[in-house]
Amino acid sequence: MEIDAGLPAAYAATFAILMAIQLSVRRRIADIYLENQRQNNRVIAHGYTAWDNVFSGNRYNWRLWLGGFKSKLRDCFRAQVKAIMAREGLSAVGGIIGLAIVFSTMTYVVIANAGDTEVLIALAATLPRQIEMTNQVHQLTSGWNDVLALWTRLGGVARSMRPEPDPNFDRRIKFDRLVLREDGRGNICSSVEGAMRLVLAKRRGRVLVRGGNGTGKSTLLTALKAEIKNRAYYWPTTDRLTFRFATQANLDEPEVYDDDEDELRSRKSKQAGFSSGERQLRSLEEIVQHTDAAIYLLDEWDANLDASNRAMADALVEQLAHRARVIEISHRDRSDAALS
């Protein structure tokens, strides 16, 4: 300010112009960041299948896996380069614009005060400080990129957890081929709202959703869950839900041994293991013992059970039906599903 009133105005104009640039391209930059994150996730997800496809020793699967990995890696590399170029390019453009504004102002001050030695000496003495201040303004506006990148990732996570409703979701349910059977009677519903009325008509009892493959039985259960929300306990066909029996058995934790081979063999022999049917039955036991929902949505709860375990699981479902409403998809009626 003491040198010339135009210098503070130049810094203010620099900040305003750089922020305007950042805001004007924020959507494009956010899309580039999202694509970069998506391509990275694809490579990571593909790597999860490496054990089966690479280390199994099957050359056919290995070639297919490697081809897919190379393709995804190339896409990831291009997205990464694009993100870096967008970030650094915008930063470089911002720095050039900031220096151009400040140095143009300083040049104007020099020309306007050509005979004023005091002003010229002050400008020369503060030149390093002027450059540093210009860089600080540039860094302040460039920090918007970091905020935008973080906000984009958080926004992507939020959208994935709560995606936009699919207006055509219910259309995938073929209500004309579905039967909701209760107490020996078959009920045909024409919409999710009609199925909701049937579900809420009673406080207890079992409703069996029957229909052929592709009729939308599982889709109907997810639609009901979306309508009922936390009042319903939803157990999908293939789940990664956490249950106490699995946690206590450390099924999901890696084993680390520092002992000799005898101790290692002894510990391995004591390690608990469960077949898919056993996990299914134990999970159902925990659901009965430790949950208290008004409505239970059970999608193919007997998919992995033999005859004896199916009878035990059916008794557990019956316990649920004595205290709550149970909407189920079961394998036990698959033999005569065509009748529905």
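Among the residues of segment 75-127, what is the count of those that are in contact with a helix residue (DSSP H, G or I) (Cβ under 7 Å, 6 or more places away or on another chain), open to solvent by 60 Å² or more (accessible area, probe 1.4 Å) and charged (D, E, K, R)? The qualifying residues number 2. Looking only at residues of segment 275-302 that are outside any helix (DSSP H, G or I) and surrounded by fewer than 15 Cβ atoms within 10 Å (Cβ to Cβ), we find that the one that is modelled with the lowest pLDDT is Ser275. Here Phe69 fulfils each of the conditions (1) of a type in the set (Phe, Trp, Tyr); (2) under 24 Å from the mean Cα position of the chain (by Cα); (3) surrounded by fewer than 16 Cβ atoms within 10 Å (Cβ to Cβ) apart from (3).
Number of residues in segment 182-204 that are without any contact (Cβ under 8 Å) to a residue 60 or more places away in the chain and among the basic types (Lys, Arg) equals 2. Of all residue pairs spaced 6 or more apart or on separate chains, those with beta-carbon atoms under 7 Å, a first member in segment 56-74 that is touching a residue at least 12 places away in the same chain (Cβ under 8 Å) and of a type in the set (A, V, I, L, M) and a second member that is in a helix (DSSP H, G or I) and surrounded by 11 or more Cβ atoms within 10 Å (Cβ to Cβ) are Leu73/Val43.
Leu264 falls short on exactly one of the conditions (1) at pLDDT below 90; (2) within 34 Å of the chain's Cα centre (by Cα); (3) surrounded by 12 or more Cβ atoms within 10 Å (Cβ to Cβ); (4) over 27 Å from Arg177 (Cα atoms), and that condition is (2). Of all residues in segment 150-207, those being of a type in the set (A, V, I, L, M, F, W, C) and touching a Leu at 6+ places or on another chain (Cβ under 8 Å) number 11.
The values are calculated or read from the model by the stated rules, or taken from the named source; none is laboratory data. Please read all numbers here as calculations on a predicted model, not as lab measurements. We place every Cβ from the backbone using ideal geometry, glycine too, and count neighbours over all the protein chains shown. Each accessible area value is taken on the protein alone, full model and side chains, heavy atoms only, with ligands, DNA and RNA left out. Shrake-Rupley method; radii C 1.70, N 1.55, O 1.52, S 1.80 Å.
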